[in-house]
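Worksheet for the structure shown next.
Nothing in this text is a laboratory measurement; each read-out follows from the coordinates by a stated rule. Every value quoted in this text rests on a predicted model; they were computed, and no experiment measured them. Cβ sites come from the backbone with ideal geometry, for glycine too, and all protein chains shown count toward neighbours.
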């Protein structure tokens with residue numbers, strides 16, 4: 001390793017000597033056991049350097065300052081440094097300041113929209129490698145920088161050069177990294193995220209194609225079970241989704257989750273594509289939610305229709321017992337409620353706590369949903385949770401729904417499990433309009449017609 005580092009240092013110094021015609025000045029510095037004769041850009045005077053700074057920090061400031069000297073020749077150097085910053089565990093204090101009270105690297109970040117690359121300490125060789133990297137930045141030796149970053153200084157699992165270039169769509173850097181042969185194309189972070197997943201999520205089709213053609217595994221899953229296709233579908237990237245399907249994606253094993261996220265996002269064309277290739281419409285997530293459930297929950301009527309037409313189970317419940325009908329009633333999606341009922345959904349299918357779709361719609365005040373449900377003769381009596389839909393309407397002051405329920409035959413004097421009638425609940429909460437409505441039905445002295453009052 002030391003021999004390699006010395007060779008790199010000699011190469012970078014040779015490059016420095018070749019660039020003395022540029023607007024630079026020589027700054028002598030003695031550090032450790034070596035004497036340094038650094039070639040600094042003239043713009044270094046924008047950065048305040050004190051004698052207490054480390055060699056590495058001086059080099060970092062020099063590299064940063066050179067980037068501040070903008071010119072067409074600096075584009076490649078900018079691309080290199082835009083992948084570079086230091087991590088907290090490197091012991092390099094970026095304390096050099098400029099008039100705006102920012103570090104040198106902060107200025108570079110602001111100027112170049114820096115993409116962070118964390119350099120991880122690598123034993124006793126770390127500082128030598130860092131010096132070589134910074135000198136390479138100064139000299140614009142692109143290939144040397146790439147070599148150091150991909151070989152000498154190992155990428156961290158959560159933020160490496162391969163991942164950064166894939167996520168940002170930097171095709172040139174990605175190709176250089178892959179051509180070096182020094183990285184594992186399917187290397188992942190602590191959560192299992194790969195470069196292919198990042199490129200897919202960001203919609204960088206060229207990077208996705210390069211990675212797949214270089215051997216990236218399209219079926220790798222993160223710890224959460226998500227795949228590259230999942231991330232592409234989540235953001236609605238149709239072209240990438242189709243490409244991944246054509247590149248050997250296992251729809252039987254992994255397709256259900258991708259369909260789920262596409263249905264949730266209302267990406268109709270992607271949903272159709274996934275169904276055509278055999279993705280399971282009844283695949284359930286860890287909480288029991290499935291494609292039809294999330295489509296109903298989010299009000300995506302057309303997605304609901306195509307899922308039902310392709311075998312989605314209209315009565316399949318989440319782990320808590322909530323069905324697509326139940327959740328659409330809670331959210332107030334009347335058109336979806338009707339569609340599900342026409343496909344045979346049980347109007348009284350309750351959640352595990354005993355709340356029925358009608359109870360939940362009455363509770364939430366969704367008048368149009370209650371109207372749809374009443375056409376399918378739901379239960380108006382005491383439910384498993386010890387309440388009635390009329391109790392729910394009165395408890396939350398929904399007068400119009402109370403009228404609809406009474407018109408449909410709800411018993412205004414039926415007590416709940418606590419022995420309270422709907423009228424008593426309304427009186428406790430001070431809902432005068434509901435009190436007046438219900439009072440008309442409990443006058444013993446005369447018979448009252450519901451049709452007359454309502």
Q | For segment 272-367, fraction of C-alpha pairs farther apart than 18 Å, in % | A | 39
Q) Put a dot 7 Å past each Cα toward the Cβ at residue 411 and residue 268; how far apart are the dots in nm? A) 4.7
**Q.** Binned Cα-Cα distances of segment 215-316, short to long, each 5 Å bin given as a whole percent
**A.** 2, 15, 28, 27, 17, 8, 2, 0, 0
Q.
Would you work out the Kirkwood radius for segment 249-306? I mean one over the mean of 1/r across all pairs of different Cα atoms, in Å.
A. 10.9
Q. Taking a ≥ b ≥ c as the square roots of the eigenvalues of the Cα gyration tensor of segment 155-280, is the shape rounded (a/c under 1.5), prolate (a/b larger than b/c) or oblate?
A. prolate
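Please arrange 336, 306, 270 by counting, for each residue, the other beta carbons lying within 10 Å of its beta carbon, fewest first. If you can, show how the numbers build up before the last one.
Numbers: 336 27, 306 17, 270 24.
By the 10 Å Cβ count, ascending, the order reads 306, 270, 336.
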Q: Order by neighbour count: 442, 401, 435, fewest other Cβ atoms within 10 Å first, most last.
A: 442, 435, 401
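As a footprinting exposure proxy, order 412, 251 by other Cβ within 10 Å, with the fewest listed first.
Numbers: 412 20, 251 16.
With the sparsest Cβ surroundings first, the list reads 251, 412.
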Q.
Taking a ≥ b ≥ c as the square roots of the Cα gyration tensor eigenvalues, with a/c under 1.5 meaning rounded and otherwise prolate when a/b beats b/c, else oblate, which class fits segment 279-334?
A. oblate
(Q) Just to compare against my own numbers: the Cα pair-distance distribution for segment 364-403, 10 Å bins, whole % per bin, please. (A) 29, 61, 10
